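Colleague: This is the structure I have questions about; it appears just below.
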Amino acid sequence: MDIKREIFSDLHAWKESRRRKPLVLQGARQVGKSWALRKFGKDCFEKLAYFNFDTMPELKEDFKRSKQPSELIKVLEMTSGSSIQPETTLIVFDEIQECNEALNSLKYFCEDAHEYAIACAGSLLGVALNRHGASFPVGKVDFMTLYPLSFSEYLQAIDPALYSSYMMIDGSIAVPEVLHSRLVEAYKTYLALGGMPEAVSDFADNSEWQAVQTIQENILTSYSLDFSKHINNKDIPRVFNVWNSLQDQLAKEDRKFRYADIQQGARAREYEAAIEWLCLAGIVNRVNMIETPRIPLSAYSKSNAFKLYLNDIGLLCRKFSLSPQTASLNNRLFTEFKGILSENYVLQSLKRQFGNNIFYWTSGNTAEVEFVLQIGDEIVPVEVKSENNVKAKSLSIYRKTYSPSISIRFSTRNIRKDDDLLNLPLYLADRTSELVASLS
């Protein structure tokens, strides 16, 4: 199935930009980076010149011999057997983290041969750049990040007509109840399916949950294989320990990551590198605590108190061993896990809109708000409720203490604005930034 990805609009803008630099597309494995760049090249350029440093290791030697773009273009032409023309050919370097010399060559393409369109993909680029001796052309490249499919991308792939109705929601009136019910059910399906392109594509074509689960298991296995391939031997057990404890950490009522829950006597300094590796690989998302919500939020972050969420809600369901029917039928098992599933889902959506500047707030043992983020000059608390019951004291305490101009509460209730409190259905999480701007 040909899935439409929102990143294509950004890629088009990059292609037409007068200030275009070589592009580095980041993201975890299996989110569709290679597919996106190849499709972009085929659809929007006359030619695509594709090179993979993992499957073509000999190419690394050519980049070691020369940094001159004119010489490298000749090498690439001979390697591909086809001419490479400025502006009309998209050059794709895949798995570029495997060749530091190729990464460094982007500087010279930017400075001396900017007419060539070069796009690179790197699943573990953040990890590679933290290796000893790695260099990077700072200021000479453009960055983009590709995430798993969002709920809205999933909806467009599965049900284009429902997606069309979804995009008509502007917050000026409540969502029609028939549409609201259909979107809530679609959201529950997305919790089990997640946004890994292969899983979504297979489900769209065949609607077979068993196949989806197999795909998800394979992706989780591929992540584990990366641990052994790309991590120093002494650190491998610690990364596995963190990875294997992730679902147990999230299953706790407060979600807070505790080293003692990994292994008795475990200390922060022993596992900081392992957690950093998982974050740099794009596999987990870290959310630090703040006690004082002031701008800039990062200045008030407590790095020793944090939560770790998975990069994809469907993969989290697999790590919990939840069956797809669990989410759709609202059975007891879903009731037990629905809170963390909703939180992980909302964080994924907020991250693609607001980046890494997302935190959670706590006031001792009296109150906790799931997320706090900065929108413009405003600090916005975000509460997440998995169903219709929105009674909770934490957000009320936050609002009374700090008097924010706007607060957000996600639940399965219809859209509604009560003074400074914006109630949004969970299925509208992808459109948070847009709706806040229109309703503020």
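The values are calculated or read from the model by the stated rules, or taken from the named source; none is laboratory data. Model, not experiment: these values are computed from the prediction. Neighbour counts are summed over all protein chains in view; Cβ atoms, including those assigned to glycine, are modelled from backbone coordinates with ideal geometry. What goes into the accessible areas is simple: the full protein's heavy atoms, side chains included, and nothing from ligands, DNA or RNA. Shrake-Rupley method; radii C 1.70, N 1.55, O 1.52, S 1.80 Å.
Colleague: To the nearest 10 Å², what's residue 375's accessible area with a 1.4 Å probe?
Modeller: 40 Å²
Colleague: Show log10 I(q)/I(0) for the stretch 139-294 at q = 0.08, 0.11 Å⁻¹, two decimals, from a solvent-free Debye sum over equal Cα scatterers.
Modeller: Listed by q, the Debye log ratios stand at -0.36, -0.66.
Colleague: In addition: Sort 173-182, 313-322 by the packing proxy (mean of other Cβ within 10 Å over each peptide's residues), most packed first. Don't skip to the answer; put the middle values down first.
Modeller: Details: 173-182: 13.6, 313-322: 22.1.
So the order, starting with the most tightly packed, is 313-322, 173-182.
Colleague: Next up: Enter the accessible area of residue 383 (Å², nearest 10), with the probe set to 1.4 Å and all protein chains included.
Modeller: Roll a 1.4 Å probe over it and residue 383 shows about 10 Å².
Colleague: On the protein heavy atoms, probe 1.4 angstrom, tell me the percent of accessible surface of the chain carried by carbon and sulfur.
Modeller: On the way: 8920 of 19510 Å².
Carbon plus sulfur share of accessible area: 46 percent.
Colleague: Highest mean first, what order results for 396-402, 119-125 on Cβ atoms within 10 Å? Don't jump to the answer; show the numbers that get you there.
Modeller: Details: 396-402: 15.0, 119-125: 24.4.
In descending order of packing, they fall as 119-125, 396-402.
Colleague: Rounded to the nearest 10 degrees, what's the angle between the helix 236-251 long axis and the longest principal axis of the chain, both from Cα atoms, 0 to 90?
Modeller: The two axes meet at around 30 degrees.
Colleague: From the convex hull of the Cα coordinates of the stretch 285-424, what is the mean projected area in square nanometres? Walk me through the numbers before you get to the answer.
Modeller: Numbers: hull surface 35.1 nm².
One quarter of the hull surface, i.e. the mean projection, equals 8.8 nm².
Colleague: In straight Cα distance, which lysines are under 28 Å from residue 188, not counting same-chain residues fewer than 8 positions off?
Modeller: Partners found: 4, 33, 252, 256, 307, 319, 338, 351, 385, 391, 393, 417.
Colleague: OK, next. Can you give me the Kirkwood hydrodynamic radius for the chain, using every pair of distinct Cα atoms, in Å to one decimal? Don't skip to the end; give the middle numbers.
Modeller: Details: mean 1/r = 0.0430 Å⁻¹.
In the chain this quantity evaluates to 23.3 Å.
Colleague: In addition: Over the stretch 164-266, give the accessible area per residue in Å² for a 1.4 Å probe, as an integer. Spell out each step's value before the answer.
Modeller: Numbers: 5110 Å² over 103 residues.
Here the residues of the stretch 164-266 average 50 Å² of exposed surface.
Colleague: Among the aspartates and glutamates, which have Cα under 12 Å from the Cα of residue 64 when same-chain residues fewer than 8 positions away are ignored?
Modeller: Counting by Cα, and skipping residues close in sequence, residue 64 has these aspartates and glutamates nearby: 101.
Colleague: Next up: Could you compute the net charge surrounding residue 149? Neighbours are other residues with a C-beta less than 12 Å from the C-beta of residue 149; K and R count +1, D and E count -1. The partial results should precede the final answer.
Modeller: Working: positive: 4, 5, 352; negative: 6, 153, 198, 312, 430.
Net local charge, residue 149 excluded: -2.
Colleague: Hey, what D do you get for the stretch 346-440 in µm²/s if you plug the Kirkwood alpha-carbon radius into Stokes-Einstein at 37 °C and 0.692 mPa s?
Modeller: Details: Rh = 13.3 Å.
It diffuses with D of about 247 µm²/s by this estimate.
Colleague: To continue, here is another question. Find the percent of Cα-Cα distances in the stretch 199-252 that exceed 13 Å, and round it to a whole number. Walk me through the numbers on the way to the answer.
Modeller: Details: 961 of 1431 pairs.
Across the stretch 199-252, Cα pairs with separations above 13 Å total 67 percent.
Colleague: Over the stretch 19-147, with a single point scatterer placed on each C-alpha, what log10 of the ratio I(q)/I(0) does the Debye formula yield at q = 0.15, 0.18 1/Å?
Modeller: The Cα Debye sum returns log10 ratios of -0.64, -0.96.
Colleague: Kindly express, to the nearest 10 degrees and within the range 0 to 90, the angle between helix 332-354's C-alpha long axis and the longest C-alpha principal axis of the chain.
Modeller: So the inclination is approximately 50 degrees.
Colleague: Of 209, 35, 277, which has the most accessible area with a 1.4 Å probe, and how do the rest follow in descending order? Write out the running numbers ahead of the final one.
Modeller: Working: 209 55, 35 105, 277 25 Å².
Output order, biggest surface exposure first: 35, 209, 277.
Colleague: Nearest 10 degrees, 0 to 90: what angle lies between the long axis of helix 209-230 and the longest principal axis of the chain (Cα atoms)?
Modeller: 60 degrees
Colleague: Rounded to the nearest whole Å², what accessible area per residue is found for the stretch 298-440 with the 1.4 Å probe? All intermediate terms of the calculation are to be shown ahead of the outcome.
Modeller: Working: 5620 Å² over 143 residues.
Dividing the accessible area of the stretch 298-440 by its residue count gives 39 Å².
Colleague: Given a 1.4 angstrom probe, what's the average accessible area per residue across the stretch 1-132, in square angstrom?
Modeller: Values: 6210 Å² over 132 residues.
Value for the stretch 1-132: 47 Å² per residue.
Colleague: Using only the Cα atoms of the stretch 221-363, what semi-axes does the equivalent ellipsoid have when each is the square root of 5 times a gyration tensor eigenvalue? Give whole Å, largest first.
Modeller: Working: eigenvalues 105, 95, 44 Å².
For the stretch 221-363, the semi-axes come out at 23, 22, 15 Å.
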